[in-house]
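The values are calculated or read from the model by the stated rules, or taken from the named source; none is laboratory data. Worth saying up front: this structure is predicted, and the values here are computed from it rather than measured. Methodologically, a virtual Cβ is constructed for each residue, glycine included, from the backbone with ideal geometry; neighbour enumeration extends over all protein chains shown.
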Amino acid sequence: MIYVDTSVMVAAIIPEQASERVRGWLEKQSADDLSVSDWTVTEFSSALSIKMRSGRLAIDDRNTVLEAFSRIVEESFERFRVERADFTAAARFAERHDLGLRAGDALHVAIAIANGTRLATLDKTLAKAATAAGVNCILLK
């Protein structure tokens, strides 16, 4: 199972520099092998709001993107619930200054570990920290 972080999901749906590479990688994966979490859904919405505030995404496009994201997640991804233990584990990872993780990325690492999955990301810092924490990481660079 591969847990796909938000950076990958955003690039898969919204045109970005890594979009072609991410879409090609996703097309090669089995839908039975892909997962996201409740946190990914929250963070995806936040990413869209940031793009809107910066003028890189119009409101009509936002609605279309959210519909596409919801459909893709429903049809092709297993969705992990975020448990209290995940937040506790994320706090431990965030406390480790050597990992350099922000809270949201620490939560992705905790979810990957709790569910025994690999982690796919575009974020080099997250990939390095996840690997140091014991997660088999796929950096889509």
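Okay, residues lined up against (1) in contact with a Leu (Cβ under 9 Å, 6 or more places away or on another chain); (2) surrounded by 13 or more Cβ atoms within 10 Å (Cβ to Cβ); (3) touching a residue at least 60 places away in the same chain (Cβ under 8 Å):
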site	(1), (2), (3)
Val41	no, yes, no
Gly55	no, no, no
Asn63	no, no, no
Phe69	yes, yes, yes
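Residues in region 80-98 that are over 18 Å from Ala127 (Cα atoms) and among the small types (Gly, Ala, Ser): Ala85 only. When the residues of region 120-141 are filtered to those that are of a type in the set (D, E, K, R) and in contact with a strand residue (DSSP E or B) (Cβ under 9 Å, 6 or more places away or on another chain), the one that is surrounded by the most Cβ atoms within 10 Å (Cβ to Cβ) is Asp123. The listed residues are Leu57, Leu48, and the only one of them that is more than 18 Å from Arg118 (Cβ to Cβ), of a type in the set (A, V, I, L, M), outside any helix (DSSP H, G or I) and out of contact with any His (no Cβ under 9 Å at 6 or more places or on another chain) turns out to be Leu57.
Among what's in region 75-104 and is among the charged types (D, E, K, R), part of a helix (DSSP H, G or I) and at pLDDT 95 or above, pick the residue that is surrounded by the most Cβ atoms within 10 Å (Cβ to Cβ). Top of the filtered list is Asp86. Within region 13-39, the residues that satisfy the criterion of being surrounded by fewer than 21 Cβ atoms within 10 Å (Cβ to Cβ), in contact (Cβ under 8 Å) with a residue 60 or more places away in the chain and part of a helix (DSSP H, G or I) are Arg21, Trp25.
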